[in-house]
Amino acid sequence: MPKKTKTVFVCSSCGEDYPRWYGRCENCGEWDTISEFRQPKKSGSSSLRVKGSGSREAVKLSSCKPERIKRRDTGFPEIDRVLGGGLVPGSAVLVGGNPGIGKSTLMLHLASNFTRNELCVLYVTGEESLEQLSLRSKRLGIENAAVNILTETSVERVLDTMEQLKPDVIVVDSIQAVFSEELESAPGSVSQVRECAALLMRYTKQSQAALFLVGHVTKEGAIAGPRVIEHMVDTVLYFEGDSTYQYRILRAIKNRFGPSGEIALLAMSDTGLSEVPNASEFFLMHRDTPQVGTSVVPVLEGSRILVVELQALVNPTHFGLPQRVASGVNPKKLSLLIAVLERYAGISLGDHDIFFNITGGLTVSEPAIDLGIAAAILSSFRNVPIQNGIAFLGEIGLGGEIRPVNGMLPRLKELAGMGFNRCVVPVPKRGSDWKEKKSGIELIICRSVNDITDHIF
Ligand code: TYD
Ligand code: MG
């Protein structure tokens, strides 16, 4: 009797499964992203139980020593850190991001770096021709690298090549371009993306080769985004940043081999991507004269501290409703802080337009920047600059109170190292010792948003 194929419905935006078709995905709220996914007869999860992979015996957890994992250098210390200390053999890494952000460029850099460490690298490209890749490698100055390039979109033929070549590292650029001949659906559909990823990962898990899958972020229903395979892979790295700016942030959203949330700051130039030296200062302007409406905040991204500049512009509204425009923070956060300032700092902003921006195009979601936002708004409203050398650190509660955030001491030390001499901070929580420890910076302790004006202007 032929084996029944299993049909599920999968959202191409977030990867959620449903037993039947819906117009809107309940999980991510996107419309028309759910499409049929037929689990083929001889693959998918069942194929992971392949004959010949050998039945494994249960072992004691204590007998397993993680230091046996020999991680491989990517040639970019920043990316090694994001991966949790280097690339783990047998792991699958998804590299996602908007088209044009630099995924292929990064993969070519890494591929060339691995060959320098005597590793056999197979770079499968389904999107670019050999000529395009060669041109790109010239730009990056790595045209002589011993990378094996395969321009192929059939996953079966990719697997054949992998069988012959036995590479240590495989890059598939992109997972949306490859397809399995066993499936009828079009390349880039949910079925294809999932199935191809499963087939490639099955091979690499057995052969202990590391696999990079490149995936374009897309909102269109017909093409499945990389999110549909996020749960299958070991590590998910996403490129953030605006392609109009020079910098790119590579963030580990998920990592089975290290902490998630780590970021690497990279810069795109006409010779490819490079690491940014002094990343913590990268977003700072280093002005000699203080500027109205500008405050400085140390932001924690993973284990990295970035000192960023916040800017607010508060102008009387001349026409219609007051405008609130926020870039780099959630607009709701801005509204909330404006409401708190009106109530507890005694200023009336109801007839003012407020524009807010984080310089460099960075997006920050942590609450540690609340105090900095409030200070920037106050400074612009009063038209008085904040004195040079002062930074802000703290979360603001709905009662106007300022609260400590995590990592106070390392953030203060970083500020001190960069030449800041004062920082406005909240009252420490009972039991925390960051206030007593030497951070090399003078602390201005404020209880509520009402207090800060006395200290900063
Ligand atoms: P690419 O790696 O092709 O992006 P993705 O694979 O994520 O779609 O990067 C493309 C962009 O990067 C393109 O706009 C050109 C730019 N770029 C540089 O600025 N410098 C370079 O050295 C290279 C190779 C690309
Ligand atoms: Mg590309």
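The values are calculated or read from the model by the stated rules, or taken from the named source; none is laboratory data. In this text the structure is predicted, and so the values were computed from the model without any measurement. Cβ: placed from backbone, ideal geometry, glycine included. Neighbour counts: every protein chain shown. Side chains included, ligands, DNA and RNA excluded: accessible areas come from the protein's heavy atoms. Shrake-Rupley method; radii C 1.70, N 1.55, O 1.52, S 1.80 Å.
Where both partners of a DSSP beta bridge lie in the chain, what percent of those bridges are antiparallel, to the nearest 5? Please list the in-between numbers first.
Details: 43 of 79 bridges.
Within the chain, antiparallel bridges account for around 55 percent of the total.
In sequence order, what are the phi-derived ³J(HN,Hα) couplings for the range 170-177 according to the Karplus relation 6.51 cos²θ - 1.76 cosθ + 1.60 with θ = phi - 60°, rounded to whole Hz, with x for glycine and proline?
Couplings: 10, 10, 10, 10, 10, 5, 7, 8 Hz.
Could you list, by residue number, the cysteines of the chain that have no other cysteine's beta carbon within less than 4.7 Å of their beta carbon?
Cys64, Cys120, Cys196, Cys423, Cys446
First compute the accessible area of the range 92-189 with a 1.4 Å probe, then give the percent of it belonging to carbon and sulfur atoms. All intermediate terms of the calculation are to be shown ahead of the outcome.
Values: 1940 of 4180 Å².
That fraction is 46 percent.
When the helix-only estimate is applied to the chain (DSSP H runs of n ≥ 4, each -39,500 (n - 2.57), divided by the residue count), what is the mean residue ellipticity at 222 nm, nearest 500 deg cm²/dmol? Each step should come with its number before you reach the end.
Working: 9 runs with 105 residues, N = 457.
Counting only the DSSP helices, I get -7000 deg cm²/dmol.
Using just the Cα positions, wrap the range 319-457 in a convex hull and report its mean projected area in square nanometres, one decimal place. All intermediate terms of the calculation are to be shown ahead of the outcome.
On the way: hull surface 34.3 nm².
It is 8.6 nm².
Give me D for the range 396-457 in µm² s⁻¹, whole number, from Stokes-Einstein with Rh from the Kirkwood sum over alpha-carbon pairs, 25 °C and 0.890 mPa s.
Details: Rh = 12.2 Å.
This corresponds to a translational diffusion coefficient of 201 µm²/s.
What does the net charge come to around Ala339 if you take all other residues with beta carbon closer than 12 Å to its beta carbon, with K and R at +1 and D and E at -1?
Working: positive: Arg324, Lys332, Lys333, Arg343; negative: Glu342.
Once positives and negatives cancel, what remains is +3.
How large is the charge dipole for the chain, taken about the Cα centre, if only the Cβ atoms of Lys, Arg (+1) and Asp, Glu (-1) carry charge, to the nearest 20 debye?
On the way: 51 positive and 51 negative charges, 321 e Å.
Computed about the Cα centre, the dipole is about 1540 debye.
Size of the dipole of the range 308-457 about the Cα centre, Lys and Arg at +1 and Asp and Glu at -1 on the beta carbon, nothing else charged, in debye to 20?
Working: 15 positive and 14 negative charges, 73 e Å.
Roughly 340 debye, rounded to the nearest 20.
Placing +1 on the Cβ of each Lys and Arg and -1 on the Cβ of each Asp and Glu in the range 121-214, which of Leu135, Ala145, Pro167 has its Cα farthest towards the positive end of the resulting dipole?
Selected residue: Ala145.
Using +1 on the beta carbon of Lys and Arg, -1 on that of Asp and Glu, and nothing else charged, what's the dipole of the range 118-174 about the Cα centre, debye to 20? It would help to have the intermediate numbers written out before the result.
Numbers: 5 positive and 11 negative charges, 46 e Å.
Using only the charged Cβ atoms, the result is roughly 220 debye.
For the range 87-103, in order, what is each residue's ³J(HN,Hα) by Karplus, 6.51 cos²θ - 1.76 cosθ + 1.60 with θ = phi - 60°, in whole Hz (x at glycine and Pro)?
These are the phi-based 3J(HN,Hα) values: 7, 8, x, x, 8, 10, 10, 9, 10, x, x, 5, x, x, 7, x, 5 Hz.
Which entries of Lys413/Lys437; Lys70/Lys254; Lys205/Lys254; Lys138/Lys205 show an alpha-carbon separation above 22 angstrom in the structure shown?
Among Lys413/Lys437; Lys70/Lys254; Lys205/Lys254; Lys138/Lys205, the Cα-Cα distance tops 22 Å for Lys138/Lys205.
What span do the alpha-carbon atoms of the chain cover on each of the three principal axes, reported in whole Å from largest to smallest?
79, 51, 49
From the convex hull of the Cα coordinates of the range 230-367, what is the mean projected area in square nanometres? Don't jump to the answer; show the numbers that get you there.
On the way: hull surface 47.0 nm².
The number I arrive at for the range 230-367 is 11.8 nm².
So how do 170-181, 399-410 stack up, highest first, on mean other-Cβ count within 10 Å?
Details: 170-181: 24.0, 399-410: 17.2.
Highest-to-lowest ranking by the protection proxy: 170-181, 399-410.
From the residues Val59, Pro426, Ile253, which one has its Cα farthest along the dipole of the chain in the positive direction, the dipole being from +1 and -1 charges on Cβ of Lys/Arg and Asp/Glu about the Cα centre?
Of the listed residues, the answer is Val59.
What does the accessible area per residue of the chain come to in Å², with a 1.4 Å probe and no ligands, DNA or RNA counted?
Values: 22100 Å² over 457 residues.
Here the per-residue accessible area is 48 Å².
Among Val214, Thr317, Pro277, flag the residue with its Cα farthest along the positive direction of the charge dipole of the chain, charges on Cβ as +1 for Lys/Arg and -1 for Asp/Glu.
Value: Val214.
Using only the C-alpha atoms of the range 333-415, find the volume of their convex hull and express it per residue in Å³.
On the way: hull volume 9.2 nm³, N = 83.
That works out to 111 Å³ per residue.
Need one word for the range 137-263: rounded, prolate or oblate. Basis is the Cα gyration tensor (sqrt eigenvalues a ≥ b ≥ c); a/c below 1.5 gives rounded, then a/b vs b/c decides. Could you put the intermediate results ahead of the total?
Numbers: a/c = 1.39, a/b = 1.14, b/c = 1.21.
It is rounded, given that a/c, with a ≥ b ≥ c, falls under 1.5.
Measure nothing but the geometry: give the 0 to 90° angle between the long axis through the Cα atoms of 130-140 and the longest principal axis through the Cα atoms of the chain, rounded to 10°.
Around 40 degrees separate the two axes.
Taking Cα atoms, how many degrees apart are the long axis of helix 408-417 and the longest axis of the chain, rounded to 10 and kept between 0 and 90?
In the chain, helix 408-417 runs at an angle near 80 degrees to the longest axis.
For the range 110-182, rounded, prolate or oblate, judged on the Cα gyration tensor with a ≥ b ≥ c (square roots of eigenvalues), a/c < 1.5 rounded, else prolate if a/b > b/c? List each step's numbers first, then the result.
On the way: a/c = 2.56, a/b = 1.36, b/c = 1.88.
Because a/c hits 1.5 or more and a/b fails to exceed b/c, the range 110-182 counts as oblate.
Pull up the cross-link candidates among the aspartates and glutamates for Lys429, meaning alpha carbon to alpha carbon under 15 Å and not fewer than 8 places away within one chain.
Result set, ordered by chain and number: Glu395, Glu401.
Please tell me the relative contact order of the chain in percent, rounded to the nearest whole number, where contacts are Cα pairs under 8 Å and at least six residues apart.
Working: 969 pairs, mean separation 55.8, N = 457.
After rounding, I find 12 percent.
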